[in-house]
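K.L.:
Let me begin by handing over the structure; questions about it come next.
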Amino acid sequence: MPSVADSVPGNSLFLIRKGRKRMEPSKKMHKGEQKSRKFLKSLIQKRPQELLLVIGTGVSAAVAPGIPALCSWRSCIEAVLEAADQLEVLHPGDVADFRQKVSKDRDLLVVAHDLIRKMSPRTGDAKPNFFQDCLMEVFDNLDQHIQHPAVLLSILQLMEQGTMVLTTNYDNLLEIFGQQQHKAMESLDLKDKDKVLQWAKGLLRYGVLHIHGLYTDPCGMVLDPSGYQEVTQDSEVMEALQNLYRRKSFLFVGCGETLRDQIFQALFLYMLKNKVELEHYMLVRKENEDQFFKFQADMLVHGIKVVSYGDCFEDFPGYLQDLTAQICKQRSPDADRVDSTTLWGPSCADCTKRLGESGNDRAKKARYPKDDPAEDGVLL
């Protein structure tokens, strides 16, 4: 489910609406010639345990494109309004008013906050409310909508080798899929201090930290920085999270301009100086060269190296799969023996077999939404 990070603006793997017309393959390279894929040495030489993967809505949209509400915060609000209308838990006049706000209002956080309050008790309490019922309607049976598991398999392999995972998403697609692969997945949020501290120490191998909360607990979803007041005032938690940003290399995938997210800033950036001394990475789509290279230069100020995974969305699963294989080679002396038949490693061999050639083909042919997320200039 989309998060705050993807609404102001946001969602990664860089999308430009206005750009140069894409050249035909025959003009870009000779017939039969395939451009070899290159990776930054500074990235692929990282050991898995040196990385912290930050997942945004671009990943969810790639994995389950059949659920429009996963594609952006705007799409999510529209889906919730549709559910509220069908369930008759919101007055038709209010539904119409909110739909108009969604189509015109730039600050979707305010709209979402007002919508939740409208479906909550007049006493101001967050519980009980109809918002949760609407979310359950929108995200019913998520596991049945997973169409392109290759991306999740790559993430699971990195986690297996020690990569930590943090997400700005409200959905739990990764956890659902991981449990299907018999992994001890655990969804965490910042309300559970003890769990967060364990996760920050690397003690929860399959723990996924949802910094904005999880859709299954709407009362714990955070829509503005004030919702993190208790967390930001807890020096022990803040120090643990900020130390991660200092000592780990964050790899942003599907997150867009996460640095503009106020909650991410409060947790990781406000107290950190000399960010150019850090070394983080962001995977983006390069469609317009001028804007891509400008974005790349701008992000270096924040210590983030922007890397293109390709010119189209279809390149993303294959790029992440190959990148994962390269990184996981660093885990042991005999890791060079990893090839296309052992990409996922021993523990994930069964997953790969089940995925099969058809699954890989589907991943390569995946189609990604190009509507709502593009409004912010960034997607996946």
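K.L.:
Among the chymotrypsin sites (Phe, Trp or Tyr not before Pro) within the stretch 36-114, which fall in a DSSP loop and have no more than 16 other Cβ atoms within 10 Å of their own Cβ? It would help to have the intermediate numbers written out before the result.
P.N.:
On the way: sites: 39, 73, 98; in loops: 39.
Taking the stretch 36-114 and a limit of 16 other Cβ atoms within 10 Å, the loop chymotrypsin sites (Phe, Trp or Tyr not before Pro) found are 39.
K.L.:
How about the stretch 75-170: which trypsin sites (Lys or Arg not before Pro) there lie in a loop by DSSP and see at most 10 other Cβ atoms within 10 Å?
P.N.:
On the way: sites: 99, 101, 104, 106, 117, 118, 122; in loops: 106, 122.
Listed in order of number, the matching sites are 122.
K.L.:
Once label points are set 7 Å from the Cα along Cα→Cβ at both residue 203 and residue 278, what is their separation, rounded to one decimal in nm?
P.N.:
In this crude label model, residue 203 to residue 278 measures out at 2.5 nm.
K.L.:
For 175, 236, 314, write out the residues from largest to smallest accessible area, computed with a 1.4 angstrom probe and no ligands counted. All intermediate terms of the calculation are to be shown ahead of the outcome.
P.N.:
Details: 175 5, 236 95, 314 50 Å².
Result of the area sort, largest leading: 236, 314, 175.
K.L.:
Next question, about the same structure. Taking H placed 1.01 Å from N in the peptide plane, check which residues at least 5 places from residue 251 or on another chain put their amide H under 5 Å from its amide H.
P.N.:
When sequence neighbours closer than 5 places are left aside, the close amide H contacts are 52, 53, 54, 281.
K.L.:
Got a number for carbon plus sulfur as a percent of the stretch 58-120's accessible area, 1.4 Å probe? Please list the in-between numbers first.
P.N.:
On the way: 1310 of 2640 Å².
C and S atoms contribute 50 percent here.
K.L.:
May I pose another question? Of 118/201; 118/195; 286/329; 46/286; 248/329, which pairs sit farther than 29 Å apart, going by alpha carbon to alpha carbon?
P.N.:
Numbers: 118/201 40 Å; 118/195 32 Å; 286/329 27 Å; 46/286 24 Å; 248/329 18 Å.
The pairs that break the limit, which is 29 Å between Cα atoms, are 118/201; 118/195.
K.L.:
Next question. Return the carbon/sulfur percentage of the accessible area of the stretch 165-222, one whole number, probe 1.4 Å, all protein chains in place. Let's see the in-between values first.
P.N.:
Working: 960 of 2120 Å².
Summing carbon and sulfur atoms, their accessible area is 45 percent of the total for the stretch 165-222.
K.L.:
Relative to the present Cα-Cα distance, how much length would full extension add between residue 229 and residue 45 at 0.36 nm per residue of separation? Before the final figure, lay out each step's value.
P.N.:
Details: separation 184, 0.36 × 184 = 66.24 nm, distance 3.77 nm.
Once the chain is fully extended between residue 229 and residue 45, it gains 62.5 nm.
K.L.:
Starting from the 7 Å offset along Cα-to-Cβ, what nm value, one decimal, do you get for the label separation of residue 182 and residue 217?
P.N.:
So the two model labels end up 2.9 nm from each other.
K.L.:
Right, another one. Just to verify a number: FRET efficiency for residue 91 and residue 191, C-beta to C-beta distance, R0 = 22 Å, to 0.05?
P.N.:
Working: r = 32 Å, r/R0 = 1.45.
The calculated FRET efficiency here is 0.10.
K.L.:
Let me ask you something else. Rank these by accessible area, largest first, 1.4 Å probe: 255, 312. Display every interim value, and only then the final one.
P.N.:
Details: 255 0, 312 30 Å².
Per-residue accessible area, sorted high to low, gives 312, 255.
K.L.:
Still on this model: Would you check the accessible area of residue 309, probe 1.4 Å, heavy atoms only, in square angstrom rounded to 10?
P.N.:
The value for residue 309 is about 10 Å².
K.L.:
Starting from the Cα-Cα distance between residue 143 and residue 247, subtract it from 0.36 nm times their residue separation and give me the gain in nm to one decimal. Please list the in-between numbers first.
P.N.:
Numbers: separation 104, 0.36 × 104 = 37.44 nm, distance 3.44 nm.
Using 0.36 nm per residue and subtracting the Cα-Cα distance, I get 34.0 nm.
The values are calculated or read from the model by the stated rules, or taken from the named source; none is laboratory data. If you're wondering where the values come from, they're calculated on a predicted model, not measured in any experiment. Heads up, the Cβs are rebuilt from the backbone with ideal geometry, glycines too, and the neighbour counts pull from every protein chain shown. Heavy atoms of the whole protein, side chains included, go into the accessibility calculation; ligands, DNA and RNA do not. Shrake-Rupley method; radii C 1.70, N 1.55, O 1.52, S 1.80 Å.
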